[in-house]
Amino acid sequence: MSISKKLRLPKEHGAWAMLYVPFALGTIVAAQVSWQWLFLLLAVSGLFISRESMLVWWRARSRGRDAKGADRMLMIYLAIAAAFGAPLILIFKLYVLIPLGLFGMVLLLINGKQAVNLEERSIFGEILAICGLTMTAPAAYYVATGEWNHTALWLWLLSACYFSSSVFYIKVRVAGLHRNKPNALQRVSQHCAFYHTFLIVALVLFTFTKSLELPILIAFTPAISRAFIGLLTPGRKVNLTQAGFLEVVYSLIFLIFTTLTFS
């Protein structure tokens, strides 16, 4: 058995990016790190990794099967999250983390229930999970600066919107490979086109009104371009290695130019 299976690490590679890219964004925009920042990183990581054990335990429990130690791993990861998260509130008095943490736990439980019921792959379910994962952006910014302001909220909103783009794009790609279901392809293509058109209009509007600076348009350009190319060629086969590399590049572009937006 591999180490990742023994430790029950999350299998979704994209989820790691959705967690740590926003965390890096909040940190870089804040332009400072501290012990509080390190504690938050460890607490967030423990909570994130616990999801895999939670799902294994929840599924086993709902079907009357043995969880195979998943309950023990769940308790370990939650204990790590609590051990590093508690000082942030009790010692450093970062009280805004309380509602953020509660909201994150609610989203985790909702997403877990959807996963057990095999509903987490719905657009709503995936975007809900993304909203939870990208909370690391405002949390990292808040812990680093000690301030909860509009910048923290912008970082959360922009991170959630950026990663939600991939949900619609992947839906189109998957539907395009199953041409025997043309209605499904048409439906997800409409959703994808609407979301990215709305995203373009919103970004241009925010830039025009000076709510955001020009670099934010560059930050989203690769993801938006990818989506519309996918709409034009839904049945095209994708090289998974190349696609994975490009996603890393797109995320770096988003990280760099969103940071410049707030510099």
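Miscellaneous remarks
- Relative contact order (%) - criterion: Cα under 8 Å, at least six apart; region: the range 167-263: 37
- Ranked by solvent-accessible area (1.4 Å probe, protein heavy atoms only, all chains present), the residues ILE200, ILE127 order from largest to smallest as ILE200, ILE127.
- Expected 222 nm ellipticity per residue - DSSP helices of 4 or more, -39500 (n - 2.57), all of the chain, to 500: -26500 deg cm²/dmol
- GNM top mover of LEU97, LEU252, LEU47 - the chain, alpha-carbon springs below 10 Å: LEU252
- Highest GNM mean-square fluctuation among THR241, THR197, THR145, for the chain modelled with Cα contacts below 10 Å: THR241.
- Solvent-accessible area, 1.4 Å probe, carbon plus sulfur percent, for the chain: 70
- With a cut-off of 13 Å on the backbone N, the residues of the range 17-43 near the modelled label site 7 Å out from VAL248 along Cα-Cβ are 17.
- FRET efficiency estimate (nearest 0.05) - Cβ-Cβ, ASN149 to ILE91, R0 22 angstrom: 0.45
- GNM flexibility winner over the chain from GLU52, GLU247, GLU12 (Cα, springs under 10 Å): GLU12
- Pairwise Cα inverse-distance average, inverted: Kirkwood Rh of the range 1-80 (Å): 14.0
- Averaging the Cα positions of each part gives two centres, and for the range 12-72 and the range 156-198 these lie 26 Å apart.
- Straight-distance crosslink candidates among lysines, where the alpha carbon sits under 26 Å from LYS113 and sequence neighbours closer than 8 are dropped: LYS5, LYS6, LYS11, LYS68, LYS171
- Placing unit charges on the Cβ atoms only, positive for Lys and Arg and negative for Asp and Glu, gives the chain a dipole magnitude near 1080 debye about its Cα centre.
- The residues of the chain expose, per residue, 54 Å² of accessible area to a 1.4 Å probe.
- The chain: relative contact order in percent, alpha carbon pairs under 8 Å with at least 6 residues between: 22
The values are calculated or read from the model by the stated rules, or taken from the named source; none is laboratory data. For clarity, every value in this text was computed on a predicted model and none was experimentally measured. When we count neighbours, we look across all protein chains shown, and the Cβ atoms used for this are built from the backbone with ideal geometry, even at glycine. Surface areas here come from the heavy atoms of the whole protein model, side chains and all, with no ligands, DNA or RNA. Shrake-Rupley method; radii C 1.70, N 1.55, O 1.52, S 1.80 Å.
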